[in-house]
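For reference, the structure discussed in these notes is given below.
Taken together, the values in this text are just the output of simple stated rules run on the coordinates, not laboratory data. Worth saying up front: this structure is predicted, and the values here are computed from it rather than measured. Virtual Cβ from ideal backbone geometry, glycine too; neighbours counted across all protein chains shown.
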Amino acid sequence: MTERPIGWRIDRQITLGVLVTLALQTAGGLIWAGATSERIRHLELRVEATAPVYERIARLEENSAYTRLALERIERRLAGE
């Protein structure tokens, strides 16, 4: 009775339930990947559309800083400093 212990064994019989489960999981994964891809594409389009707005805001902020400096200089001249 020198039976060797059997480690991992793969049964060659696959049930219909396993096949259906595998097919459903694969379909779900593909649908999820497609939806994620579409969401990323939509976000990329929004970023491209808002890029000029950010540039304009940066220019306006810089412009307002120069305007503030000019106003302070005018106020000092008017105050007689």
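Computed extension gain for Ala79 through Leu22, at 0.36 nm per residue and net of the alpha carbon distance, reaches 12.3 nm. Please name whichever of Leu22, Ile57, Gly80 sits farthest to the positive end of the charge dipole of the chain, dipole taken about the Cα centre and charges placed at Cβ: Lys and Arg +1, Asp and Glu -1. Value computed over the given set: Leu22. About its Cα centre, the dipole of the chain is roughly 140 debye, where the only charges are +1 on Lys and Arg Cβ and -1 on Asp and Glu Cβ.
Calculate I(q)/I(0) for the chain by the Debye formula, one identical point scatterer on each C-alpha and no solvent, and give its log10 at q = 0.20, 0.27 Å⁻¹ to two decimals. With one equal scatterer per Cα and no solvent, log10 I(q)/I(0) is -0.99, -1.15.
As a calculated quantity, the FRET efficiency between Arg41 and Ala65 at R0 = 25 Å, using C-beta atoms, amounts to about 0.10.
Using Cα atoms only, what is the angle between the long axis of helix 16-79 and the major principal axis of the chain, expressed in degrees (0 to 90) to the nearest 10? Compared with the principal axis, the helix lies near 10 degrees. With distances taken between every two different alpha-carbon atoms, region 38-80 has a Kirkwood hydrodynamic radius of 13.0 Å.
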